[in-house]
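A.B. asks: Shown below is the structure under consideration.
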Amino acid sequence: MMLGGVFHAAVLFLVAAGLQLVFGVQKIVNLACGSFYALGAYFAITSVSIATSLGLPGVAFLPVLLLAGLAIGLVGLPVERLLRTVYRRDESHQLLLTFGLLLVFQDVLRFFWGATPRTLDNAYLAYGTAEVLGVRVPTYNLLVIAASIAIAVTLGLFLQRTRTGRIIRATAENREMSEGLGVNSNRVFAAVFTVGCMLGTVGGALVVPASAASLEMAVELVVEAFAVVVIGGLGSMRGAIAGALIVGLIRAVAIMVLPEAEILSIYLVVILALILRPAGLFGKAVA
Amino acid sequence: MQTFSLHIYDMSDLGRALDSQGGNLMNISRRTLMRGIGAAGLAASAPGIFSPAIAQSTPVRVGILAPRSGAMGTIGECGIRAVQWAAERMNKDGGIGGRPIELVIEEETSPKDTIERFRRLVLQEKVDVVQGLISTGVSMGVAPVAEEEGALLIMWDGTTQDGVKEAMPNARYVFRSTDNECEAVMSSLLAVKYFPGKITRIAGINPDYSYGRNNWEAFRQILKRAGVEAEMVAEQWPKVGTMDLTSHVAALKAAKPDFIFSSMLFADLPVFMKQGSAAGLFEGVNLALPAAGWQINQLKKSFMPENIVFGHNTLYFALPTASPLQKAFVDDYMGRFKEAPNWEADRAYFALAAYKAGVEAAQKATGRWPKLDEVIDAIPKQEIQSLGGPARFRVDKIAEQTFYQGLSTNDNSFDFPTLKTVDSFTADQLQKPPGMDFWEWLKTSKLPV
């Protein structure tokens with residue numbers, strides 16, 4: 001049961017991390033983050049279908065999914081160009097624009113992939129099952145958890161240890177100051193937003209073999225992603241990890257103990273966080 | 001007379017593609033596309049029908065409300081395809097009472113928006129009848145408005161016990177589908193029939209709304225009546241459309257059931273079966289899936305165990321004793337769309353055929369084009385040859401159709417299960433009689449198994 005919760009948390013983390021990264025650096029609350037998740041899912045289905053038609057074996061599906069997620073994440077580049085028009089405007093403009101993008105993406109998905117939910121069956125079953133603590137679980141779930149941890153560690157090391165990471169953090173702290181020191185903030189923003197998108201698209205690509213791609217998945221996940229952000233703290237990468245784990249595990253426990261309270265349980269925690277710790281568990285920290 | 005070819009399925013797909021261009025354009029395009037389908041079909045195929053009489057040249061306008069996206073999108077699309085097929089076929093045969101059928105198709109979404117579209121169909125489009133609706137929640141909103149507007153509404157689906165019955169027990173203008181719980185009653189009976197002594201630890205995973213709640217309770221009560229002493233070890237209530245069911249699967253597995261009953265029926269059912277199969281949930285476990293037929297094309301053999309009590313509701317596409325009508329429809333449907341039709345096709349066909357039969361019977365009786373009240377009174381007296389078999393509306397305006405279920409097998413040429421055994425019951429064996437409470441009826445009825 002806990003592994004089910006951690007699997008959910010692993011996917012949720014990727015989307016929430018993208019949301020956190022973009023807010024932390026660009027101060028944009030990206031309501032369209034769920035759209036990138038959905039886009040990743042749909043694009044992954046097409047990519048795996050192509051891979052299958054090319055005769056790739058089942059074990060190659062996971063790399064294909066990861067590559068598909070990363071590739072479609074490049075859609076973040078043109079979207080970031082659009083967002084530049086509202087960087088210095090009131091936050092309400094940013095919210096309206098990103099929410100508008102969410103709706104636009106929904107129709108884009110409908111246009112290319114249709115309204116019917118799409119599934120991907122072979123990839124989920126290709127990896128078989130594994131025994132964990134005496135319980136048989138789909139190996140694919142474990143691979144997704146591992147991939148999510150690897151992405152989190154890589155992202156953390158990149159932001160903390162690399163020169164580019166330091167530039168990103170400096171830009172997040174003080175854009176004017178970093179520009180004064182010669183940093184091209186436009187380029188930094190484009191890179192950060194694209195990486196944020198890629199986190200979401202990879203999340204969608206990884207979840208779709210176990211689940212399904214539907215037009216509603218963007219809105220459904222964005223609500224949970226914001227629950228993660230409220231619990232973990234806006235702009236904090238550690239908050240994204242903690243928040244995703246809390247939401248994933250609470251949901252799993254509620255499903256086991258009182259299934260009717262699945263949604264309620266998550267939002268009770270959100271309400272508690274808002275009352276007791278309005279900035280979230282790691283609200284002060286910035287990526 | 002000018003003749004031309006018009007493929008309504010292609011036009012529909014074009015309309016769907018245009019949906020993505022935006023709200024107003026979507027509606028205008030769709031209506032524009034749908035308008036004239038009937039008249040064109042008639043012009044193309046039955047030139048003798050046209051006459052100078054106004055009544056004969058004016059189309060009968062049939063409004064359709066059905067989902068085209070979301071969890072119910074697959075279902076709505078199948079119903080729309082079937083009603084288009086029916087309209088085309090009927091138009092070739094003279095339409096309704098000599099007038100061509102014209103479909104005006106609108107989307108079923110939220111109750112609020114669907115009510116607005118229903119009013120628009122009735123007040124602006126001035127349709128003669130509205131058909132469709134799949135969601136109980138939506139139908140509960142639309143049905144009272146139909147009564148209020150005095151507009152004829154023939155539902156395809158969406159009528160659980162908690163549906164329109166309580167809100168409007170004596171509807172004048174609303175014709176309901178068979179009770180949605182019929183399939184649960186049948187699968188429960190078949191579970192007792194096919195798995196004697198093998199139902200001891202039961203788990204249920206059902207959608208968390210009236211349909212799922214009622215089905216689960218009906219299953220429990222029928223087991224009780226049958227003297228099956230079993231322990232209920234787990235109940236799961238995912239909300240409709242939940243696509244990550246890994247925690248639900250884990251919770252079910254932890255309960256170690258030997259029998260699972262699930263009335264999931266939307267796109268979440270294939271996800272559940274896939275995730276359950278991957279987790280080994282179904283090993284040594286028997287299942288009853290009373291409404292699985294809705295997702296027939298998505299339930300792949302790779303994750304479907306054999307010997308499931310599998311419900312196809314009122315249309316089983318591979319029925320060995322299918323009528324020529326069903327065979328013609330299934331062949332055409334599978335040829336065009338490369339997938340099997342589900343039971344919503346039958347519901348959609350039946351709604352249109354029942355209206356046609358009612359109009360023509362009233363027309364014959366009066367010798368003129370009948371008034372709405374005359375049509376309403378005539379419909380319940382008609383025997384309809386629907387896609388899934390004989391069907392009719394009772395005097396209380398609730399449909400009676402034929403239900404098909406049985407044990408599934410993966411031994412076939414498709415990539416999804418078919419039925420190894422086919423059991424069929426008529427709705428009067430599975431549905432409460434007029435005016436009776438469902439739960440009281442369950443306690444006292446003479447059940448067919």
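Please treat every number below as a calculation from the coordinates, not as lab data. On a predicted model such as this, the values are computed, not experimentally measured, just so you know. So basically every Cβ, Gly included, is an ideal-geometry build from the backbone, and we count neighbours across all protein chains shown.
A.B. asks: Among A:140, B:349, what is the fewest-to-most ranking by other Cβ atoms within 10 Å?
C.D. replies: Ordered by Cβ neighbours within 10 Å, fewest first: A:140, B:349.
A.B. asks: Please compute, over every Cα-Cα pair in chain B, the percentage with a separation greater than 30 angstrom. List each step's numbers first, then the result.
C.D. replies: On the way: 42621 of 100576 pairs.
Roughly 42 percent, once rounded to a whole number.
A.B. asks: In whole Å, what are the Cα extents of segment A:96-245 along the three principal axes, biggest one first?
C.D. replies: 54, 42, 26
A.B. asks: Still on this structure: For chain B, take the longest principal axis of its alpha carbons; what is the angle in degrees between that and the long axis of helix B:136-149, to the nearest 10 within 0 to 90?
C.D. replies: 30 degrees
A.B. asks: Here's something else I'd like to know. Helix B:73-92 against the longest principal axis of chain B: what's the angle in degrees, Cα atoms only, rounded to the nearest 10?
C.D. replies: It is inclined by approximately 40 degrees.
A.B. asks: A further question on this structure: What is the local net charge at residue A:127, summed over the other residues whose Cβ is closer than 15 Å to its Cβ (Lys, Arg +1; Asp, Glu -1)? Don't skip to the answer; put the middle values down first.
C.D. replies: Values: positive: A:136, B:274; negative: A:121, A:131.
Value of the local net charge: 0.
A.B. asks: Taking θ as phi - 60°, what are the ³J(HN,Hα) couplings along segment B:425-438 by the Karplus curve (6.51, -1.76, 1.60), each to the nearest whole Hz, with x for Gly and Pro?
C.D. replies: Each residue of segment B:425-438 in turn: 10, 8, 4, 5, 8, 10, 10, 4, x, x, x, 8, 7, 4 Hz.
A.B. asks: Check the straight Cα-Cα distances from residue B:256 and name the lysines below 24 Å, setting aside those fewer than 8 residues away within the same chain.
C.D. replies: Within the straight-line cut-off, residue B:256 pairs with B:193, B:198, B:224, B:239, B:274, B:301.
A.B. asks: Considering only C-alpha atoms, what is the centroid distance from segment B:236-262 to segment A:141-177, in Å?
C.D. replies: 36 Å
A.B. asks: Based on other C-beta atoms within 10 Å, arrange A:230, A:75, A:135 from fewest to most.
C.D. replies: A:135, A:75, A:230
A.B. asks: Please arrange A:267, B:173 by how many other C-beta atoms lie within 10 Å of their C-beta, fewest to most.
C.D. replies: The order, fewest Cβ neighbours first, is A:267, B:173.
A.B. asks: Sticking with this structure for a sec: Among residues other than residue B:222 whose Cβ falls under 12 Å from its Cβ, what is the net charge (Lys/Arg +1, Asp/Glu -1)? Before the final figure, lay out the partial values.
C.D. replies: Values: positive: B:193, B:220, B:224, B:225, B:443; negative: B:181, B:217.
Taking every Cβ under 12 Å from that of residue B:222, the sum is +3.
A.B. asks: Return the average number of partner chain Cβ atoms within 10 angstrom of each residue Cβ along peptide A:248-259.
C.D. replies: 4
A.B. asks: Follow-up question, since we're still on this one. With no solvent and one equal point scatterer placed on each C-alpha of the protein assembly as shown, evaluate the Debye formula and give log10 I(q)/I(0) for q = 0.06, 0.08 Å⁻¹, two decimals.
C.D. replies: Scattering profile of the protein assembly as shown, log10 relative to I(0): -0.39, -0.68.
A.B. asks: If you keep only loop residues by DSSP, which trypsin sites (Lys or Arg not before Pro) in segment A:131-194 have at most 11 other Cβ atoms within 10 Å of their Cβ?
C.D. replies: For trypsin sites (Lys or Arg not before Pro) across segment A:131-194 that sit outside H, G, I, E and B with at most 11 neighbouring Cβ atoms in 10 Å, the list is empty.
A.B. asks: Grab the DSSP H runs of chain B that are 4 residues or longer, score each as -39,500 (n - 2.57), total them, divide by all residues and round the 222 nm result to the nearest 500 deg cm²/dmol. Each step should come with its number before you reach the end.
C.D. replies: Working: 17 runs with 188 residues, N = 449.
Only helices count here, giving -12500 deg cm²/dmol.
A.B. asks: If Rh is defined by the Kirkwood formula over all Cα pairs and Rg also comes from Cα, what ratio Rg/Rh do you get for segment A:166-287?
C.D. replies: Here the Rg-to-Rh quotient is 1.06.
A.B. asks: Need one number: % antiparallel among DSSP beta bridges in the protein assembly as shown, to the nearest 5. Numbers along the way, then the final one.
C.D. replies: Values: 21 of 51 bridges.
For the protein assembly as shown, the DSSP antiparallel bridge percentage is about 40.
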